[in-house]
Each structure stands twice: as C-alpha cells, then as structure tokens.
1. So what's the net charge close to Glu168: Lys and Arg +1, Asp and Glu -1, counting the other residues with Cβ under 14 Å from its Cβ?
2. Calculate the FRET efficiency for Lys97 and Met150 from the Cβ-Cβ distance with a Förster distance of 45 Å, rounded to the nearest 0.05.
3. Let me check the size of region 130-170 from its C-alpha atoms; what are the radius of gyration and Dmax in Å?
4. Using mean Cβ contacts within 10 Å as the protection proxy, how do 149-156, 55-62 order, highest first?
5. With a 10 Å radius around each residue's Cβ, average the other Cβ atoms per peptide and rank 134-142, 70-78, highest first.
6. For a label point 7 angstrom out from the Cα of Asn128 toward its Cβ, which stretches of region 36-74 have the backbone nitrogen within less than 13 Å?
7. I'd like to know which of Ser136, Leu158, Ala169 lies farthest towards the positive end of the charge dipole of region 130-170, counting +1 on Cβ of Lys and Arg and -1 on Cβ of Asp and Glu.
Amino acid sequence: MLLHIIQKMFRVVRALRQPRLATQDVRHHAVHLSANYRGQHTVDHEVCTGCDICADICPVNAITMLKLPFKRRNTVPEVNLATCIYCGLCEDVCPTKPEKAIKLSGGRFDILTGGSHADQESFWLRANIPQSYIDSRLAEEEAARVKKEMEAKKKEALAAEEARLAAEAEHAQPVASGAEGEKS
Ligand code: SF4
Ligand code: SF4
C-alpha cells in the first residue's frame, strides 16, 4: 500500500516537473497538420477588394474592416483572433480568384494552444499595410484623376470647336445664296 502511494506521488511529481503543453513554444516544434487544418488568417491586401463579405458572414463579429485612404477598394479586414472560432466561413465566401484574399493558412499555433499573451494586441491580425503600397495606390488614383480631368477638358474643347464650326457654316450659307441671287 505504502509502495503504491509512493509510486503515485512519484508519478505526480514527475508530471509536474514536465513542461506543460500550454507553456511550450510550439513554433519550434514540428506540428503535423491535417489537410483541412484552419489556423491563423493571412490577408493579401493587394488582392482584397474590400467587399466586406467576410465581415458580414462572420458569426462572431471577429472581423472589422480597416478604412484605407483610397477612393476604391478602401477597406481591408482585421481579425480578432481571440473572438474567432476558426470556422473558415470568411475564407469560403471570399470572392477573389484564383487566390482567396483571406485564408486560414496557419503559421501561428500559440493562439490555439493556450499560450499566454500579456498584450491584447497580439490577439489581433492587423492589416500592417506598407507605406510604399499606400503611396503607390494614392499615386495611381491621382494619375487616373488627372487623366480623367484632361479627357473631359479635351472633350469639352472638341465640342466647343464643333459648335463654332457649325455656327460659321450656318452664317456662311445665307451669304453664299445671296451672292447667287445677285448673279441671276
Ligand atoms: S474563421 Fe469564422 S469566426 Fe473566424 S473570422 Fe473567419 S468567419 Fe469569423
Ligand atoms: S478578404 Fe475577401 S471577402 Fe474579405 S473584404 Fe477582402 S475580398 Fe472581400
């Protein structure tokens, strides 16, 4: 009996001394993933059209759309990983082709295995869009605006020229017919 108790205590002490799963840094361990594994999201902001469908379908409102300073495609999803239930609906409904703009492709396991986070921000998948991308998109939109403005001005000038020519032709007609009348 005493031996049984000692063996049990030994097992408990040994178990307590072993690192617990929740405190292991799983990023440095080989993890076998099943084919339909759903992990942390990745969002390709260059592919995303800002359609909001992923945010609309999310059953736990884990997605908020970040407003970007563009005229078109001006929102991109950010995901609260603590609220997310990893159902994958956001990826399923994302309409972009051939690649989905939002994917649950894994790459971070501590959120799924109870890792401790002092900072709540680490539970968010933020958009983190590079300034160079923002600048290039703004430059593109400005170039498109200038082009549109110039085309409109060109059209206006063309219409004015056509109107002027028509007025001139109208003015010239009675003079010509008057001259013919004098000859006869
Ligand atoms: S995986 Fe499900 S719960 Fe998580 S953000 Fe996408 S739709 Fe919402
Ligand atoms: S990630 Fe997909 S569904 Fe979500 S806003 Fe972008 S394009 Fe739309």
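None of the figures in this text is laboratory data; all of them are computed from the coordinates on show. A quick note: this is a predicted structure, and the numbers were derived from the prediction, not measured. Heads up, the Cβs are rebuilt from the backbone with ideal geometry, glycines too, and the neighbour counts pull from every protein chain shown.
1. That works out to -2.
2. Step by step, r from the Cβ atoms, then E = 0.85.
3. 17.8, 60
4. Going from most to least packed, we get 55-62, 149-156.
5. 70-78, 134-142
6. Taking a point 7 Å out along Cα→Cβ of Asn128, the residues of region 36-74 whose backbone N falls under 13 Å are 41-45.
7. Ser136
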